[in-house]
Amino acid sequence: MGTSFRRMTRHTTIITAAILLTAGAGIATSKTPIAAETRRSILAHSPDSTLATLVAATSTQLPGKQVWAHMVPHGLADYHEKPGKTDYGSTYPLDLIPGGPSSPPRPTSGLPRAQAAGLTGMQILTFEGINRGSDFTKEWMKQADPTWNDSHPDNDFSIAPCFMASSSDGLIRMIREYLEIAKEHASAAKIGDKFVIYIYGPRNMPPQQWEKVRDTIDQQQLPVYLIGDLQTDSSQTGHTLDASRIDTYAHAFDAAWNFEDSSQYIWNDILRYTISRSLPYAGGIMPGYNRETPGGGIVDAQGTTMMRNQWEAALTSGAPWQNIITWNDLVEHTDIKPSSDWNITRSDINAFYAAKLRGLPPTHTPRRALHHHPQPHPSRPNSARRSAHPQRRKNRRHRQCATP
């Protein structure tokens, strides 16, 4: 693996070039705006099937079909240093899941809840200068280790750290700290004989520092497999993929995932990029993004529409792994208030699609979905009284869905 994995053979290069030309696709190296018609097309259609075939071929080093989530753990300091800040994740505790007549009981926290949401792995964010490389992962691995000792291989749950670093020395230190504990745990994610480590926010480190990281890993034969964030940030570049920015660090990675709030606009560009750089692609699915803080951003979850659309595209992308961004956004909000899908939460949706990706039977029976729920018109007070009878609305406006 390692360096040899990043080098393409002449045969692979010829095949890659031929398929890319057949797909009529190049990699954007400048911030060329996408036309409105193209944007609508990207939103309306799945990733190109020709590209998906090559993504699958490029990603054979990623074993099996896996669904991960990127977690910002409770107690992790807000590195933005805002006045009056709160620790990220503490606003909506992840174990707050009230039950009720119309809400089935759910696991309350930790590994059981992650598995109920269809996940097979958790990558846990920590920061250079704040955390040790072993922080938070130890507790999760203690929960996950028993899943590797039972007789159900579909039950195996993996743990990996996700490091954000600003210096090569700091990142290597965290890697070494993690390796010290990882070798003691069956649930520490591995590809071959190398431990999986995710990277978040690679632009926090200068390009020459990434060169040093890669050289150190190779020269000292550190047993790590880096899955790096592409950090396409397309919403900041007119919904385009600027390959020239990504190339400054992507060469240091063994595989790629993507923390992106607008991937629906650049699905095929992401696939073309990973193919052309011979990077296995571990996906990136946005369920919605709502920090509800003074400096936070919002990506409208549209109930569960955003997640459904992203999953549908992901299933046809050819990527054998998917990463949900983030676990916090997957479980917050819709578990503690009704969604537009009538008690189907984003966690339920994720479990359904994760089973499809992995070729397993659905984990739950889809409930009825609320397709149309108009607000009372201010000039028609009687409509407000009618809206107080949910059973009547349900009889008139609900129909059984084939999928969640």
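Overview of results
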item: Residue that is surrounded by the fewest Cβ atoms within 10 Å (Cβ to Cβ), among those in the stretch 131-149 that are of a type outside the set (D, E, K, R) and not in a helix (DSSP H, G or I); result: Asn149
item: Index of the failed condition, Thr248 passing every other in (1) modelled with pLDDT of 95 or more; (2) surrounded by 24 or more Cβ atoms within 10 Å (Cβ to Cβ); (3) among the polar types (S, T, N, Q); result: (2)
item: Any pair with Cβ under 8 angstrom, 6 or more apart, that starts in the stretch 303-315 at a residue that is without any contact (Cβ under 8 Å) to a residue 24 or more places away in the chain and ends at one that is among the charged types (D, E, K, R) and surrounded by fewer than 19 Cβ atoms within 10 Å (Cβ to Cβ); result: Met306/Asp300
item: Residue under evaluation Pro207, criteria (1) under 30 Å from Ile298 (Cα atoms); (2) without any contact (Cβ under 8 Å) to a residue 24 or more places away in the chain; (3) not β-branched (Val, Ile, Thr), criterion not met; result: (2)
item: Every pair of residues 6+ apart whose Cβ atoms lie under 8 Å, when the first sits in the stretch 186-201 and is aromatic (Phe, Trp, Tyr) while the second is assigned to a loop (DSSP other than H, G, I, E, B) and crowded, with 24+ Cβ neighbours inside 10 Å; result: Phe195/Ala189
item: Within the stretch 45-63, considering residues that are closer than 16 Å to Gln322 by Cβ and either outside any loop (DSSP other than H, G, I, E, B) or not assigned by TED's automatic domain parsing to the domain that holds Gln264 (or both), the one modelled with the lowest pLDDT; result: Ala52
item: Of all residues in the stretch 193-203 being of a type outside the set (Lys, Arg) and surrounded by 16 or more Cβ atoms within 10 Å (Cβ to Cβ), the one that is farthest from the chain's Cα centre (by Cα); result: Phe195
item: Test: Arg308 is touching a helix residue (DSSP H, G or I) at 6+ places or on another chain (Cβ under 7 Å), at pLDDT below 95 and charged (D, E, K, R); result: yes
item: Residue within the stretch 236-249 that is under 14 Å from the mean Cα position of the chain (by Cα) and either more than 29 Å from Ala188 (Cβ to Cβ) or not assigned by TED's automatic domain parsing to the domain that holds Ser168 (or both) present; result: no
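One line per residue, one yes/no per condition, for (1) modelled with pLDDT under 95; (2) farther than 21 Å from Pro223 by Cα; (3) of a type in the set (S, T, N, Q); (4) not assigned by TED's automatic domain parsing to the domain that holds Ala69:
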site	(1), (2), (3), (4)
Pro83	yes, yes, no, no
Leu94	yes, yes, no, no
Pro105	yes, yes, no, no
Ala116	yes, yes, no, no
Arg132	yes, no, no, no
Ala165	no, no, no, no
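The values are calculated or read from the model by the stated rules, or taken from the named source; none is laboratory data. Computed from a prediction, not measured in an experiment: that's the story for all the values here. When we count neighbours, we look across all protein chains shown, and the Cβ atoms used for this are built from the backbone with ideal geometry, even at glycine.
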